[in-house]
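The values are calculated or read from the model by the stated rules, or taken from the named source; none is laboratory data. Quick caveat, the model's predicted, so the values are computed rather than measured. Note that we place each Cβ from the backbone using ideal geometry, even for glycine, and neighbour counts take in every protein chain shown. What goes into the accessible areas is simple: the full protein's heavy atoms, side chains included, and nothing from ligands, DNA or RNA. Shrake-Rupley method; radii C 1.70, N 1.55, O 1.52, S 1.80 Å.
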Amino acid sequence: MTITLRPTQTSDAALLLRIFTEAHCADYDRLGLDPGAHASLIQMQFQARQAQYRAYPGAAEYLIYPDGGDEVAFGSCWLSENTEALRVLDIAVLAEHRRKGVARAVLGRVFARATAVGKSVGLSVWHANTPAIALYREFGFVPANVDAAKEPGDLGNGYLELRFSPDATVTAPHAAIKQQADAR
């Protein structure tokens, strides 16, 4: 799958809220809130997340589209780049587009950039998000040693910190991306 990443615009607000709600708030229904309180909670969480990610150096939010078209967005992602590393802050894919290679395509773009500039890539992932963890491991991510007193990668809050270094041994899915970047 090939994709296009388009920087978000103010006019994308409703779509971004829909993507966020679908990807991150599915369990909120269990709270039993009245519809107004439910909507307010989601809006508050969305705004907090936006503010948190904007605080990262070099952070930008993108809509993910099929290559060559702006017809329907697959989802959104937040990426950050500073002088030392790239960071995947979030990849959120709408339900009807999940398990079709969208996140893999985003990671491919990130890896191509990281390999081209010789930077590592970091991300954190919820410990129970086994499909995402499996994907990240395919790309060569390993648990980061964030605290010697804890298991590697354990942030102590339910999230795992994973890192990829372009200098590390290259795994199969990443090998083609590295070869493409090296050829440039």
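Things to note:
- Qualifying residue in region 32-46 (condition: within 26 Å of Ala116 (Cβ to Cβ) and either of a type outside the set (D, E, K, R) or touching a residue at least 24 places away in the same chain (Cβ under 8 Å) (or both)): no
- Residue match in region 141-162 (condition: hydrophobic (A, V, I, L, M, F, W, C), open to solvent by 70 Å² or more (accessible area, probe 1.4 Å) and at pLDDT 90 or above): yes
- One residue stands out in region 15-35 among those that are open to solvent by 90 Å² or more (accessible area, probe 1.4 Å) and not acidic (Asp, Glu): the one that is farthest from Asp67 (Cα to Cα), namely Leu31.
- Pairing each residue of region 3-17 that is closer than 14 Å to Val72 by Cα with any residue that is surrounded by fewer than 10 Cβ atoms within 10 Å (Cβ to Cβ), provided the two are 6+ apart or on different chains, yields C-beta distances under 6 Å for Ile3/Asp67; Thr4/Asp67.
- Within region 59-85, residues that are farther than 19 Å from Gly101 by Cβ have Cβ atoms under 7 Å from residues that are of a type in the set (Val, Ile, Thr) in these pairs: Glu61/Thr8; Ala85/Val121, counting only partners at least 6 apart in sequence or on another chain.
- From the list Ser124, Ser80, the one residue that fits, being open to solvent by 20 Å² or more (accessible area, probe 1.4 Å) and modelled with pLDDT of 90 or more, is Ser124.
- So Ala59, is it under 19 Å from Asp12 (Cβ atoms) and in contact with a helix residue (DSSP H, G or I) (Cβ under 6 Å, 6 or more places away or on another chain): yes
- The conditions of being part of a helix (DSSP H, G or I), at pLDDT below 95, under 15 Å from the mean Cα position of the chain (by Cα) and under 25 Å from Leu160 (Cβ atoms) are met by Arg109.
- Test result for Ala168, open to solvent by 70 Å² or more (accessible area, probe 1.4 Å), modelled with pLDDT under 75, in a loop (DSSP other than H, G, I, E, B) and out of contact with any Lys or Arg (no Cβ under 9 Å at 6 or more places or on another chain): no
- Residue in region 52-68 that is of a type in the set (A, V, I, L, M), touching a Cys at 6+ places or on another chain (Cβ under 7 Å) and modelled with pLDDT under 95 present: yes
- Given (1) assigned to a helix (DSSP H, G or I); (2) within 20 Å of Ala105 (Cβ to Cβ); (3) open to solvent by 70 Å² or more (accessible area, probe 1.4 Å), index of the condition Asp12 fails: (3)
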